[in-house]
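Let me begin by presenting the structure, written as structure tokens, before commenting on it.
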Amino acid sequence: MRKPLTIAVDFDGTIVEHKFPAIGNELPFATHTLKTLQEKGHRLILWTYRSGQQLDEAVDFCKERGLTFYAVNKNYPEEKMSDNISRKILADVYIDDRNIGGMPSWTEIYHLIHPEEAPKKEKQKSKSWWW
């Protein structure tokens, strides 16, 4: 098995449809995939623009679906936020709908992290007469 990763995950547009400040509908397979990644030993950090009550609502939304995070908007649970600490999260992987190229499906995300579980592609026959 591969080394467990720290994965920072955005909320709006990534776990749910982008309806900020409201909470949109869950994107297909989002919490299922994230829970499966946790079961594989990966550490998940919720990394979102939300704060205060809107952040609490996002955390509660995930908890209601059985998804809890190692930390929320910090690198580790005990971290104290202050003016001299960057809000940037240290992670191995960042999952965000604002990626260059857009948001892949949650199935694609899972297979990018665990390529050993991706379906094997069939070798295509050559369409050229000389191959």
Worksheet item: Quick one: is residue 50 out of contact with any Phe, Trp or Tyr (no Cβ under 7 Å at 6 or more places or on another chain), among the charged types (D, E, K, R) and not in a helix (DSSP H, G or I)?
Response: no
Practice prompt. For residue 9, work out the one condition from (1) under 14 Å from the mean Cα position of the chain (by Cα); (2) exposed (fewer than 15 other Cβ atoms within 10 Å of the Cβ); (3) at pLDDT 95 or above it doesn't fulfil.
Written response: (2)
Worksheet, complete the sentence: Inside segment 2-37, the number of residues satisfying the requirement of being within 14 Å of residue 104 (Cα to Cα) and β-branched (Val, Ile, Thr) is 5
Item to complete: Among residues belonging to segment 29-43 that are out of contact with any helix residue (DSSP H, G or I) (no Cβ under 6 Å at 6 or more places or on another chain) and under 15 Å from residue 11 (Cβ atoms), point out the one that is surrounded by the fewest Cβ atoms within 10 Å (Cβ to Cβ).
Response: 31
Fill in: Members of segment 5-36 found to be over 17 Å from residue 112 (Cα atoms) and either without any contact (Cβ under 8 Å) to a residue 40 or more places away in the chain or not in a loop (DSSP other than H, G, I, E, B) (or both), listed by number
12, 16, 17, 19, 20, 21, 22, 23, 24, 25, 26
Worksheet item: Would you call residue 68 under 13 Å from the mean Cα position of the chain (by Cα), in a loop (DSSP other than H, G, I, E, B) and at negative phi?
Response: yes
Worksheet item: Among (1) among the aliphatic types (A, V, I, L, M); (2) assigned to a loop (DSSP other than H, G, I, E, B); (3) farther than 22 Å from residue 109 by Cα, where does residue 55 come up short?
Response: (2)
Worksheet entry | Scan of segment 70-116 for residues that are free of Cβ contacts under 8 Å to residues at least 60 places away in the same chain, among the hydrophobic types (A, V, I, L, M, F, W, C) and surrounded by 12 or more Cβ atoms within 10 Å (Cβ to Cβ), ordered by number | 71, 72, 112
Worksheet item: Which residue, of 105, 128, is of a type in the set (Gly, Ala, Ser), modelled with pLDDT of 90 or more and over 16 Å from residue 8 (Cα atoms)?
Response: 105
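The values are calculated or read from the model by the stated rules, or taken from the named source; none is laboratory data. From a predicted model like this one, the values you see are computed outputs, not experimental measurements. Positions of Cβ are generated from backbone atoms using ideal geometry, with glycine treated the same way; all protein chains shown enter the neighbour counts.
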